[in-house]
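K.L.:
Can you read through this structure? Questions will come right after.
The values are calculated or read from the model by the stated rules, or taken from the named source; none is laboratory data. This structure is a prediction, so every number in the text was calculated from the model and none was measured. Reconstructed Cβ throughout: ideal geometry from the backbone, glycine too, with neighbour counts over all protein chains shown. Please note that ligands, DNA and RNA were not included when accessible areas were found on the heavy atoms of the full protein model with its side chains. Shrake-Rupley method; radii C 1.70, N 1.55, O 1.52, S 1.80 Å.
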Amino acid sequence: MSDSEGYPSSRRAWAMVALLTFAYVVSFVDRYILSLLVDPIKADLGLTDFQMGLLLGPAFGIFYATMGLPLGLLADRSRRTWIVAAGITLWSAATAFSGFAKNFTQMFIARLSVGVGEATLSPCAMSLIADSFPEERRGKPIAMYGSAISVGSALAALLGAAVLTWAKASGGVSLPVVGTIAPWQLAFLTVGLPGVLLAIPFLLMREPRRRSVSQDGSRSHLGHMFRHVARHGLTYACFMPIFCFMTIVAYSHGWLAVTFDRTYGWPVEKYALYNGLTLIVLGPLSVMFAGWLSDRLTLRGVADAPMRIAVTGFFIGAPPAMVATLFDNGLVAFIILASANIGLAFTSSVGVTALLKIVPPRIRAQTVALYYMSISLTGLFLGPTLVGLFNDTLFRDIEDGVRYSVAVIPMIFGLPMMCLAPWTLKLYRKALEKRTIDE
C-alpha cells in the first residue's frame, strides 16, 4: 500500500481543512473578543483587574483544557464531525449569553461554557487531518488550521474595533425585547449568534476512514496514552515547555488593548484596528511559511524539522516580548510586539506536527488533547491571571503598571526555556529514532 492509498481525495481533504480552519477562526473570535472589552466590563460590573484576569484565563481554561482529554478519547471512538457540531453550538450560544451577564459569577459561567464548547474542536480536527493526509503532507494542512489563531485574533480585533466605534458613535443601542444595551454587550451578541449556523455543515460532513486502529482491532484507552507519555516522560517534560511559553505569552497579551490605552493613550478601537490589520497579514504568512518549511525540510530528510522550527520561533519571539512594552513610544512598542508575534506563530504552527511524529497512531487524538490541555492550562491560568494579579499588587501604585506586568511574564518563563532548548532538541531526536526502531 502506498502512502497516499486509503486517504480522501485532495479536494475533499482540503475542503474539510478549510471548514475546520474557519471553525477555529470563529472560536478564536469568540475567545478573543473579551480582551477588547476589559475596561468597560470592569466598570459596568464593578470588577478588579485580578477578576478580569480570571475571566480572561481560568474561567475559559478550566474546561477548555481539561475537557479536551476525555473529548480526545471520544474523538478516537465516536463520530468526530458531530462532536464538533455540538461544540460550535455551545460556544456560540455561550458567547452571546456573555452579553447579558450582570455580575462576575454569570460572566464566569458563560466563559466556562465557551471553554467546554471550544474544547471539542482541536482534538477532533487533528485526528481528522491525520486521517486525511500522509505524514509527509501534514505540515501545510496543520499549519493552515493553526493560522486560524492569527486570523481569528485579527478578525476579532477588526470586528471589535468596528462594533465599538459604531456603538460609541450611536450613543447606545436599543434592541427589541432586550432594550438598550452597552457597546460591550453588543460586541458579544454580534460575534456569538451567527456562529450557531456553522454547526450545520459538520452535521452533514462525511468522515475520512480511520487509520489509527491497531492491527488486532482493539480500541485505545487513556491508559495506553498515559503509559506512552510515562515511558518518555523526560522527553515530554522538555518538549512541552516551549509550547507552554508560547501560550503563556499569547494569553498574557489579552491585556495589550488595556496596556496601550492606559500607557500610550490609544483608544481600544485604535489598538484593535492596528492589531487586526497587522495580524491578518503577518499571522497567516508566518504560520503557512513555517508549515511549508517543515514539509520541505522533512522531504529532504530532516526528521526533526518541525521541532527545529518551533525552537527557532521561540528565540525569535521571546526577546521582543520581554522588552516591547518598556518603550515609551506606543508605535515602537507595537512594531516590536509584531516581531514577537511572528516568532510565536512559528512555534504554534508546528507544535502538533512535531508531536504527531513521536506519537503512536492509535492514541493520536488523546495525546493531542493532552498537549492542548497542558499548553492551555499553563497559558490561560498563568498568562492573563498573573498580569491582573501584578496590576493589583506589585504595580498597583503605578498608573501604567500594566506595561510592566506584561513585560515581566515572558522574562519569568522565557529565560529558563532558553537554557533548556538545546536539551529539548537532543531528547526529541532520540524519541524520533526510538519510534523508527519500534515501527
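K.L.:
Go over the candidates 330, 351, 317, 313 one by one and state the one that is over 20 Å from the mean Cα position of the chain (by Cα) and open to solvent by less than 40 Å² (accessible area, probe 1.4 Å).
P.N.:
330
K.L.:
Here is a follow-up. Can you find a residue in the stretch 180-199 that is assigned to a helix (DSSP H, G or I), under 16 Å from residue 29 (Cα atoms) and without any contact (Cβ under 8 Å) to a residue 24 or more places away in the chain?
P.N.:
Checking the stretch 180-199: at least one residue is assigned to a helix (DSSP H, G or I), under 16 Å from residue 29 (Cα atoms) and without any contact (Cβ under 8 Å) to a residue 24 or more places away in the chain.
K.L.:
Being among the acidic types (Asp, Glu), outside any loop (DSSP other than H, G, I, E, B) and surrounded by fewer than 24 Cβ atoms within 10 Å (Cβ to Cβ) is the filter here; which residues of the stretch 101-143 pass it?
P.N.:
Once the filter is applied, which keeps residues that are among the acidic types (Asp, Glu), outside any loop (DSSP other than H, G, I, E, B) and surrounded by fewer than 24 Cβ atoms within 10 Å (Cβ to Cβ), the stretch 101-143 yields 135, 136.
K.L.:
For the stretch 404-419, name all the residues that are buried (at least 23 other Cβ atoms within 10 Å of the Cβ) and more than 22 Å from residue 238 (Cβ to Cβ).
P.N.:
If the condition is that a residue be buried (at least 23 other Cβ atoms within 10 Å of the Cβ) and more than 22 Å from residue 238 (Cβ to Cβ), then 405, 406 are the ones that fit.
K.L.:
Of everything in the stretch 103-129, what is among the aliphatic types (A, V, I, L, M) and more than 18 Å from residue 373 (Cβ to Cβ)? Give them in sequence order.
P.N.:
107, 109, 110, 128, 129
K.L.:
Only residues that are open to solvent by less than 30 Å² (accessible area, probe 1.4 Å), under 29 Å from residue 306 (Cβ atoms) and not small (Gly, Ala, Ser): list them for the stretch 250-277, please.
P.N.:
Result: 253, 256, 275.
K.L.:
Show the residue pairs meeting these rules: Cβ distance below 8 Å; 6+ apart or different chains; first residue within the stretch 307-330 and under 19 Å from residue 432 (Cβ atoms); second residue surrounded by fewer than 19 Cβ atoms within 10 Å (Cβ to Cβ) and among the β-branched types (Val, Ile, Thr).
P.N.:
Going by the 8 Å Cβ cut-off, the qualifying pairs are 308/302.
K.L.:
Examine the stretch 314-328 for a residue that is over 30 Å from residue 166 (Cβ atoms) and acidic (Asp, Glu), and state whether such a residue exists.
P.N.:
yes
K.L.:
Examine the stretch 234-254 for a residue that is out of contact with any Gly (no Cβ under 7 Å at 6 or more places or on another chain) and farther than 30 Å from residue 423 by Cα, and state whether such a residue exists.
P.N.:
Within the stretch 234-254, one or more residues are out of contact with any Gly (no Cβ under 7 Å at 6 or more places or on another chain) and farther than 30 Å from residue 423 by Cα.
K.L.:
How many residues are within 22 Å of the chain's Cα centre (by Cα), more than 21 Å from residue 402 (Cβ to Cβ) and either among the hydrophobic types (A, V, I, L, M, F, W, C) or open to solvent by 40 Å² or more (accessible area, probe 1.4 Å) (or both) when one looks only at the stretch 278-296?
P.N.:
Residues flagged as within 22 Å of the chain's Cα centre (by Cα), more than 21 Å from residue 402 (Cβ to Cβ) and either among the hydrophobic types (A, V, I, L, M, F, W, C) or open to solvent by 40 Å² or more (accessible area, probe 1.4 Å) (or both) within the stretch 278-296 amount to 10.
K.L.:
Would you check which residues across the stretch 70-93 are farther than 25 Å from residue 13 by Cα and open to solvent by 10 Å² or more (accessible area, probe 1.4 Å) and list them?
P.N.:
Those that are farther than 25 Å from residue 13 by Cα and open to solvent by 10 Å² or more (accessible area, probe 1.4 Å): 70, 90, 93.
K.L.:
Same structure again: For residue 217, state whether it is of a type in the set (Gly, Ala, Ser), part of a helix (DSSP H, G or I), modelled with pLDDT under 90 and open to solvent by less than 60 Å² (accessible area, probe 1.4 Å).
P.N.:
no
K.L.:
Continuing with this model, one more query. Write out, first by first residue and then by second, each pair whose Cβ atoms fall under 8 Å of each other, whose residues are 6+ apart or on separate chains, and whose first residue, in the stretch 71-98, is assigned to a loop (DSSP other than H, G, I, E, B) while the second is among the charged types (D, E, K, R).
P.N.:
Sorted first by the residue in the stretch 71-98, then by its partner, the pairs are 76/219; 76/362; 76/364; 77/219; 79/207.
K.L.:
With the structure loaded, tell me whether residue 28 is assigned to a helix (DSSP H, G or I) and touching a Lys or Arg at 6+ places or on another chain (Cβ under 7 Å) or whether it fails that test.
P.N.:
No, not satisfied.
K.L.:
So, in the stretch 45-66, of the ones that are open to solvent by less than 20 Å² (accessible area, probe 1.4 Å) and not in a helix (DSSP H, G or I), which residue ends up farthest from residue 100 (Cα to Cα)?
P.N.:
Once the filter is applied, the top-ranked residue is 57.
K.L.:
Check whether at least one residue in the stretch 89-102 is at pLDDT below 80 and charged (D, E, K, R), and report yes or no.
P.N.:
The answer is no; no qualifying residue exists.
K.L.:
Can you find a residue in the stretch 165-185 that is within 25 Å of residue 246 (Cα to Cα), open to solvent by less than 20 Å² (accessible area, probe 1.4 Å) and of a type in the set (A, V, I, L, M, F, W, C)?
P.N.:
Looking through the stretch 165-185, none of the residues is within 25 Å of residue 246 (Cα to Cα), open to solvent by less than 20 Å² (accessible area, probe 1.4 Å) and of a type in the set (A, V, I, L, M, F, W, C).
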